[in-house]
Every structure is written in structure tokens, then in C-alpha cells.
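The values are calculated or read from the model by the stated rules, or taken from the named source; none is laboratory data. Keep in mind it's a predicted model, so treat the numbers as computed, not measured. When we count neighbours, we look across all protein chains shown, and the Cβ atoms used for this are built from the backbone with ideal geometry, even at glycine.
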Amino acid sequence: MQTLPTPPSGSVQIEDDRTGLSIETLKRAFLDNLFYIQGKFPALASKNDYYMALAYTVRDRLLRRWLNTAETYTNTQARTVCYLSAEFLMGPHLGNNLINLGIYDQINQAMTELGLDLNELLQQEEEPGLGNGGLGRLAACYLDSLATLEIPALGYGIRYEFGIFDQEIRDGWQVEITDKWLRYGNPWEIARPDWAVEVKYGGHTESFIDEHGNYRVRWVPFKVVKGLPYDTPILGYKVNTANTLRLWSAEATESFDFGAFNSGDYFGAVHQKSNSENISKVLYPNDEQYQGKVLRLEQQMFFVSCSLQDMIRILQMQNMSLEKFPEKFSVQLNDTHPAIAVAELMRLLMDEHGMQWDNAWNITTRTFGYTNHTLLPEALERWPLKLFSELLPRHIEIIYEINRRFLDDVRIKFPDDPGRLSRLSLIDESGEKYVRMANLACVGSSAINGVAALHSELVKQTVLKDFYDMYPEKFTNVTNGVTPRRFVVLSNPRMTSLITSKIGDNWIKHLDELRRIEQFADDPGFRYEFRQIKQAIKQDLANHIKSETDVEVDPSSLFDIQVKRIHEYKRQHLNALHIIHLYNRIKANPSAEITPRTFLFGGKAAPGYYMAKLIIKFINSIGEVVNRDPDVAGRLKVVFLKDYNVKFAQRVYPAADLSEQISTAGKEASGTGNMKFSMNGALTIGTLDGANVEIREEVGAENFFLFGLTTEEVAAKKAAGYRPIDYYESNNDLRQVIDRIASGFFSHGDTGLFRPLVDNLLHKDEYLLLADYQSYIDCQEQVSQAYRNWDHWTRMSILNTARMGKFSSDRSIRDYCQNIWKVQPVPIELKDYTQS
Ligand code: 7GP
């Protein structure tokens, strides 16, 4: 190792190896970490060693900000947002931290001088896939914006040992592989064993009268599990604020049951340990599909109880009384997964801290806010009463009491309305009994919001209508947003430099300023550069596709991309019908004028969701035929890219010409991929669903390809008795598409393979693909025509980027702060610990 030069006394300031930013210091610090943390010297080091050494070098530069932030929050007793979420889909940390620290170029230079390629090292990071899709990724964007806006905040969740599965494609089918993301260690987290807490399950309760003559309850659990917190710093963009993501890992209270061990039951002794650790073992891979498994309820209770106990610890450490809980903390429930928090906070306040009901209830309801993320009925969480009571005997008592008092309030507001009472009850008693988590969240929160304007309206009119009637003042909207740091600056450095060269870099923090590039939309030079950049990015993706799948795609073709979880309501199969329509046109007339297109798909299907998995096979089967048919002559290519995740998403959004946002109106709560595409200059083909409505308003109807039925039309059609077969029978083109599938043409003659898909479309078609088919095809034809005029297309593309300011997650977080959390920024000053 290099030795430090001795400075001439008093004249030269030596840069500290853990904080310095000069290229020389960065190189030295990097080699030092390689040596002392990885235990390697360059000749022995693997790519992963280099990645780790770099990660530690960057983490060192974060730590001062992180500790300064924690210290400032402690000293000022700052009001803090706690974001409770069963999922945080963070994506790789390294690149984002380089951007937010503002040292991307320096590190790039330092690596180059050491003969290393920063891009390769960035690719090395195994991303923490601790989420399924939109809900988990939104939580991650919100942490970025909270830190950037200097808002005191903690993210609380579960440190799953295995995140969302890795997806392989074999013979066109999805195969799930365990995600061992912690295999090589995680340089971004720090364990905090001294803040471990305990969580109880099962057993029974006993009541007693305490020394003040008060009625109290004691819970005698069947098992106790230890929760160990792991902290990850979340740095804001070019600020000193570094907030904390605190994820809980489950451990047995005693690693061995020594009693059992000594009596010779070695297996039994270890069994108890592995049983407890199961709680944080694996993320449930279902997206918008509720699964009533005990382990899932154990997970929810686990992270919620750990987090609330942690908040109480923080409050007490700051010498604040429990009465101050709602002033110190605003706690947001990310959907109903953490809704048990309402009962758990009541229990902690009453049973563990001796508070009386009314006081505890007042504190609880002032603390929580609840965000709804879906209207799909199959996602609504309700736990079988028996299962719930056995696992959480104390919580069910509390829920009964909340319910008793709540229903009394309902009776006063709506006398003689038994139907309403049974719909609002926290317990579903219509058949087998269930605990309704959304009802618990609504009663226990002071604010309830949906995630896009349309969605928030539908929440009030449908799933939560009775609650809206009861508490209209609780309801608001906060339209989702995404972070431009990760999804523009990091993902699209070329477009970022072009924009910055014209309007400076203020837009990165104030995305509305992107409007200032509108003035260049008619500037031929700017258009040219904008288009060249898109072309270069498409070429990169084409190379990647070639190396991954061996399919050759034409980078000048229209890149038509749909990436998101596979779900029938998102209608990836409608997109597929369009491909078959184009293919049929070519087969009918090989010299037909077809705008060359590359269709790209990516996304995981829940392992138990048969239809979604069949859709993946369907897309791959179409690709197999279309990609090699000589009549097509390369004009159409269909590629399904395996293992879609955050890391890959970052390469995909900038390469898109067309973004597919084609869910049945009324089904997609918001969508956030739609925003990421459009910010990167893709045009959208979409329905009036979720945030598409607002995106279209912002970018202008003339820069958006709209098709399909509206929410009201969908409802009316269903009410009138929708018959998909009528569309099949009356539309020749559609019939040919469906018949082509049914004939076994895409399945080596096997007419059975896609029968479930075809039968479903013809006889059920819950998501109205056939009703929207012609409108979609016509709209796609407009897209094809528009793409032929590249200059005009580029203009529309620039205007999309320029007008996406509203969809920065900074705006969403400002909305939450003002309307729901009532919390103010607390700027952090950098203090130099090395001097003290
Ligand atoms: C998703 C919604 O489907 C998507 O439209 C929205 O943009 C996203 O949340 C963020 O708000 N919902 C989920 O991912 C989900 O699992 C069930 O919802 C609770």
C-alpha cells in the first residue's frame, strides 16, 4: 500500500481517506478498502471485490452526512415521517449514491486511472429486490425525495433474506430461481443489534386490576421472536440529508434452547431457531393478489411491532412523553400490509405503557395515514378470524372494542341502516368470518388517499364508499411520482447532459423547469441531437438483446415496449393480439407497408398465477414464429427479456419510442412506469386509466395516443351484459387473429396450449380486450404513421420530456408533507467529526 506523504508542517491540508474527493484520495481509499475490507490485492481481486471496495469507498463518504443527520434530528426533536411498507424495491445503490453525492465523474475518472470500468462495476451490484412492483418501487422513490427535500424520515420494512425471485425463461416458460441477494454481503447496511426488540405471537390474554385500580390486560404469548434492525443510509440529491431505511430481520430469542440441547434434543433446539427466522426469510411474490397465509400475517405483525417499538424508543431517548407521539411522528401505511399497526399501537400504549383507551385512541388516530394502491377486489386483505385470533389474541380483543365504538358512531350518523353497519364492520360476518384490514386502516387513520386523481375518485365511489360517506374529510388524492435522479440522471446520462447544456441542472431538483426545453422543440439542431441520443441508446439495447437472446433487432425500428408485472388487467395479451394482427397483414400481403417495429416485453408473473404464466409463454411463442418467418423480412421482432428488475428497467426506459399503458380503464390505480417512459421521451399509447389521464393533460392530447373505453363505458358495458363473442363474430380481422391462435399456429400445431387464453377471451374477457381491440388497432396504426415522420415524432418526444415536471416524486412528497404529514424540512449542516 502507498504510505501517506508527510506534509510540511502547517501548510498543507491532507484530505482524509474516508471523506476526500480528489482523484488521488479516491484511488488511495479504494485500494485501501480492497486491502483491508476485501482482504485482496489487485492481482487476486475479482470484479466483485472491486465493486465492494468501491461501495465502501462511497459509503465512507456518506457516513458523515448520515451521522450529522441523525444527530440533528435527535437534537431538534424533529417531526419525522415514518413510511411503513412491506416492500422497498430500492434497486442498486452505488450509481444512485454517486449521483446524489455529486461524485460520479470523479469516481469514473479514478476507476479509469486504475484501469477499471465503472460501468462494469455498477453492473456487478446485486440489487435488493425487496418488492414486487409498483407499490415497492414507489416507496423507494419516496425515500429519495424525502431526503432530497430534507424531510426527517425513516423507512421501515422487512429485510427479506430472499427477495423477489429471479426469472429464467426455459422453452418460453417462466422458471423461478431463489434470489440470494445477500450471498456476497451487503456493503450498504449496518446492523444495529443494540436496538433489537421482541415481538410476541399466539398464546392467550389475562386481565387484572393494577395498583391504581385500573383494568389491564396481560398477554402471555406462545412464542417470542427477536427483530434485529439493519440500517441503510438514503442520501438526498446534493444535500447533506441522509435519512435511514431500517429493515428488520427475524431471529430466535435464544439461538439454542439450552434445556432441549442438554437433554439431547439437538434437532428440537435448532428447530425453534429456524422457525423464528422463517419470518423474514422470503418476500411473498404476489402482486395485487392477496394470499391468506399465516406466515404473511406474522411478517406484517413482525415489522409493524418492531417499528412502533422503535419509534417509542426514539421518543423516550429524546425525553419526550408518549403523549407527544403524534406530534413527533406521522406514520404512513403503504396499503393495508401494515394496517395491524392501528391495533398494535393501541396495545403498546395501553398494555405496555398503562394508558387509558380514550387517550390511546386519540393518539393512534392522529398518527396514521393510509394509502390505497389498488381497486382490484382480489387484493383486499382479509384474514380468517380464527387464524387471526390464534396468532394475535390480544389484537383481536382490541379490534372488537374499536369496532364496537365505531359502529356506535355509525348508528348515530346513519340510524336504521343495518346493511351499512355490516359493510363498515371491521369483521366480515357474511359467511366465514374475516378481519377486514382496509376497514381497520380507515377507522384508525386521519387521512386516506388514492394514488392518482381518477383512482382517488374511484376509491370514494367504490371500495371505500361507505367510509367516504362516514368521514368525507379524511379523503384526498396524492398523484404518484418517480425520482428523476434514478430514472433520468442515472439512467439517461446522455439526455441529461443535452438538457443541462441548454438550461443548466436546476431541473434535477425542480422538474417543472424542464418546461424550459419546450423552446427547443422546434430547433432543428436540438431535435437532431435529441434523436441521435435516442438512436445511440437503442443501439446499446439492441446489442444487449443480441447478447442475451441472440435475436437481432433493428435499432431504427420503432421500439414498442411494455415492461411491468404480468397481469390480465394490464393486458400484455392485447399487445400480443396487435402483433398477430400485423403478422396476418404481412402474410396476406408480404409487400404491405408496415412500419418496422421491435416489440419488447419484460415482467414477472406471480408463481401461482397460471394465466399470467401462459401469457409469457404466448408472447415467446409468437416471437419464435414471427422472428424467423422470411415473409416478415425483419420488419417485426418480438422479444421477451427475462428477469425484469430495477437495474434492467434503467436501461429500458431511455430506449423506448412507444410506452404501452393499456390497462382496462378503472383498473390501474396510477402506474409509475408510464411516467418513467415519458420523462425519457417515449410517447404513450394508453387508455384513460390511472395517471395516464393526468400525463395526457400535461403533455397535451396531441402528444399522446389515446384509445379504448372509459371507466364509465366499461362499467356500462358490463352492466348491460358484455358478450365478447359478439366482437369476435362481427370483426373479421379480430376473428382471424383469434383463429390463428386457436389453430395451433404459434404452438407447433398444439391446439390445446393456448385454449385457456382463447376460451377466456371469447367467453369471459373480464378485462374487455375484445371490446377495446379495434380502437387499439386503429390507434396503433396512427402510431405507425406518426413514426414515419421522424422529425415530428421527435418534436412530440421532446414535448413529453419537457412537460413531465408534475410527475417528479418531489411533487408527490410535497403534497404529502403539506396535506397529510404536516412536516417541515430540517436542513443539515456538515460537521467535521475528523477535527473533533
Ligand atoms: C400498484 C398499482 O397497481 C399501480 O397502479 C400503482 O402505480 C402502484 O401501486 C403505486 O401506487 N399496486 C401494487 O403494486 C400492489 O401490490 C396491492 O397493490 C396492494
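What to note about this one:
- Residues that are hydroxyl-bearing (Ser, Thr, Tyr) number at least 3 in the following helices (runs of 4 or more DSSP H) confined to region 80-173: 134-148.
- Of the residues in region 550-563, not one is in the same structural domain as Thr664 (by TED's automatic domain parsing) and assigned to a helix (DSSP H, G or I).
For (1) at pLDDT 95 or above; (2) of a type outside the set (Val, Ile, Thr), each residue gets a yes or a no:
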{"residue": "Glu206", "(1), (2)": "yes, yes"}
{"residue": "Gly213", "(1), (2)": "no, yes"}
{"residue": "Val220", "(1), (2)": "yes, no"}
{"residue": "Thr232", "(1), (2)": "yes, no"}
{"residue": "Ser276", "(1), (2)": "no, yes"}
{"residue": "Asp287", "(1), (2)": "no, yes"}
{"residue": "Gln291", "(1), (2)": "no, yes"}
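- Subset tally (residues that are within 16 Å of the chain's Cα centre (by Cα) and either assigned to a helix (DSSP H, G or I) or assigned by TED's automatic domain parsing to the domain that holds Leu458 (or both)) for region 669-698: 5
- Considering only residues in region 548-593 that are aliphatic (A, V, I, L, M) and within 16 Å of the ligand (Cβ to nearest atom), the one that is farthest from Val783 (Cα to Cα) turns out to be Ile566.
- Residue within region 164-174 that is within 16 Å of the ligand (Cβ to nearest atom), closer than 30 Å to Met111 by Cβ and not aliphatic (A, V, I, L, M) present: no
- Test result for Gly95, surrounded by 18 or more Cβ atoms within 10 Å (Cβ to Cβ), within 16 Å of the ligand (Cβ to nearest atom) and either under 29 Å from the mean Cα position of the chain (by Cα) or not assigned by TED's automatic domain parsing to the domain that holds Phe303 (or both): no
- The single condition among (1) in contact with a strand residue (DSSP E or B) (Cβ under 8 Å, 6 or more places away or on another chain); (2) in a loop (DSSP other than H, G, I, E, B); (3) away from the ligand (no atom under 16 Å from the Cβ) that Lys617 does not meet is (2).
- Selection within region 362-417: residues that are away from the ligand (no atom under 16 Å from the Cβ), over 22 Å from Pro326 (Cα atoms) and of a type in the set (Val, Ile, Thr). The member of this set that is surrounded by the fewest Cβ atoms within 10 Å (Cβ to Cβ) is Ile412.
- Hits in region 295-325 - residues which are within 16 Å of the ligand (Cβ to nearest atom) and hydroxyl-bearing (Ser, Thr, Tyr): none
- Cross-chain or 6+ apart pairs with Cβ under 8 Å, region 376-405 first and assigned by TED's automatic domain parsing to the domain that holds Arg436, then within 16 Å of the ligand (Cβ to nearest atom) and of a type in the set (Ser, Thr, Tyr): Leu376/Tyr569; Glu378/Tyr290; Ala379/Tyr290; Leu380/Tyr290; Leu380/Thr336; Glu381/Tyr290; Glu381/Thr336; Arg382/Tyr290
- Residue match in region 775-797 (condition: closer than 18 Å to Glu568 by Cβ and charged (D, E, K, R)): no
- Hey, Gly39 surrounded by fewer than 20 Cβ atoms within 10 Å (Cβ to Cβ), closer than 30 Å to Gly673 by Cα and either basic (Lys, Arg) or out of contact with any strand residue (DSSP E or B) (no Cβ under 8 Å at 6 or more places or on another chain) (or both) or not: no
- Residue count, region 326-354 (criterion: out of contact with any strand residue (DSSP E or B) (no Cβ under 7 Å at 6 or more places or on another chain) and either in a helix (DSSP H, G or I) or within 16 Å of the ligand (Cβ to nearest atom) (or both)): 14
- Within region 303-324, if we keep just the residues that are crowded, with 23+ Cβ neighbours inside 10 Å and touching a helix residue (DSSP H, G or I) at 6+ places or on another chain (Cβ under 6 Å), the residue that is nearest to Val823 (Cα to Cα) turns out to be Leu308.
- All positions within region 18-42 that are under 34 Å from the mean Cα position of the chain (by Cα), in contact (Cβ under 8 Å) with a residue 60 or more places away in the chain and in a helix (DSSP H, G or I): Leu26, Phe30
- Failed item in (1) within 16 Å of the ligand (Cβ to nearest atom); (2) assigned by TED's automatic domain parsing to the domain that holds Ser22, with Asn108 passing the rest: (1)
- Selection status of Leu799, closer than 30 Å to Asp17 by Cβ and either surrounded by 14 or more Cβ atoms within 10 Å (Cβ to Cβ) or out of contact with any strand residue (DSSP E or B) (no Cβ under 7 Å at 6 or more places or on another chain) (or both): no
- Of the residues making up region 296-315, just one is closer than 15 Å to Leu385 by Cα and of a type outside the set (D, E, K, R), namely Leu297.
- Looking across region 631-662 at every residue that is of a type outside the set (A, V, I, L, M) and assigned to a helix (DSSP H, G or I), the one that is farthest from Gln780 (Cα to Cα) is identified as Lys647.
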